[in-house]
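Asker: Here it is, the structure in full.
The values are calculated or read from the model by the stated rules, or taken from the named source; none is laboratory data. It should be emphasised that the depicted structure is a prediction, and the values quoted were computed from it without experimental measurement. All Cβ positions, glycine included, derive from the backbone under ideal geometry; neighbour counts span all protein chains shown.
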Amino acid sequence: MKAFLPLLAAGLLAATLTQAQDDPRSKAVLDRLVAKNKAYTSFEADFTSRLVNKAGKLDVKQAGTVKVKGRKFNLALDRNTVICDGTTLWTYNKEANEVSLNAAAEMDQELDPSKLFNMYEKGFKSQFVSEAPDAAGVVVQTLKLFPLDPGQKPYHTVVLAVDKAKLEPRSVQVLYKDGNEVTYTLKRFVPNVELTDALFVFDKAKYPGVEVNDLR
């Protein structure tokens, strides 16, 4: 789960843009993203993630879907489902048929899936890298983001690829200090979808025999 959540790292661009920008061209791209994404009240997205560590010969791939409405989210991964109603955080393990409950307030804000499009909103300086069509012919603008407080972060660089026409992230790569490289690729994105509040509450009745661990 934590491999994905720094993207998500998941509100949806609710604050003003406060990056210490070194590159006017990258700032212009991020400003456009912020302006568009401020209109999102909810969204649904399908994605894939890939965790690579060359030294450790690690290459792990998984797919997932995330639904977000304000501060609430439902994140479905291959083996786990993470649900938050803004107060309680449920983490369900499918193989063990076990769910753990935590207070949402205890969750690291950088690991919050509802921040899918604003982890780069503040706390970074940025650099424009390139603009070119990808293999599918989509014109992609690539930026590098560097945390302003690198000593406090487990990663040193975020590489953001943006669909120039749609003004949506196409992929995000997080480069960690321990050699891990996590790449998230957006497969489908639908903003302002109708999402019922029931999606953001864990329903025990749907999981017969589930073991509940309340860690609050």
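Asker: Would you pick out the residues in the range 42-60 that are more than 27 Å from Phe200 (Cβ to Cβ) and of a type outside the set (A, V, I, L, M, F, W, C)?
Answerer: Once the filter is applied, which keeps residues that are more than 27 Å from Phe200 (Cβ to Cβ) and of a type outside the set (A, V, I, L, M, F, W, C), the range 42-60 yields Arg50, Asn53, Lys54, Gly56, Lys57, Asp59.
Asker: Let me ask something additional. Among the listed residues Ala136, Ala96, Ala161, which satisfies the condition of being of a type in the set (Gly, Ala, Ser) and at pLDDT below 90?
Answerer: Ala136
Asker: Wholly within the range 102-216, which strands (runs of 3 or more DSSP E) include no fewer than the required count, namely at least 1 residues that are in contact with a helix residue (DSSP H, G or I) (Cβ under 9 Å, 6 or more places away or on another chain), among the small types (Gly, Ala, Ser) and within 23 Å of Lys38 (Cα to Cα)?
Answerer: Ranges flagged: 124-133.
Asker: Is it the case that Thr185 is hydroxyl-bearing (Ser, Thr, Tyr), over 28 Å from Ala55 (Cα atoms) and surrounded by fewer than 18 Cβ atoms within 10 Å (Cβ to Cβ)?
Answerer: Answer is no for this residue.
Asker: Which numbered condition trips up Ser26, out of (1) at pLDDT below 90; (2) within 28 Å of Asp178 (Cα to Cα); (3) surrounded by 18 or more Cβ atoms within 10 Å (Cβ to Cβ); (4) not aromatic (Phe, Trp, Tyr)?
Answerer: It is condition (1) that Ser26 fails.
Asker: Here is a check on your reading of the model: is Lys61 surrounded by 16 or more Cβ atoms within 10 Å (Cβ to Cβ) and at pLDDT 90 or above?
Answerer: Taking the combined requirement at face value, the residue does not satisfy it.
Asker: Separate question: Closer than 18 Å to Glu181 by Cβ, polar (S, T, N, Q) and out of contact with any strand residue (DSSP E or B) (no Cβ under 6 Å at 6 or more places or on another chain): is that true of Asn97 in this structure?
Answerer: In short, no.
Asker: Out of the residues in the range 138-174 that are surrounded by fewer than 16 Cβ atoms within 10 Å (Cβ to Cβ) and among the aliphatic types (A, V, I, L, M), state the one that is farthest from Asp31 (Cα to Cα).
Answerer: Per the stated criteria, the residue is Val138.
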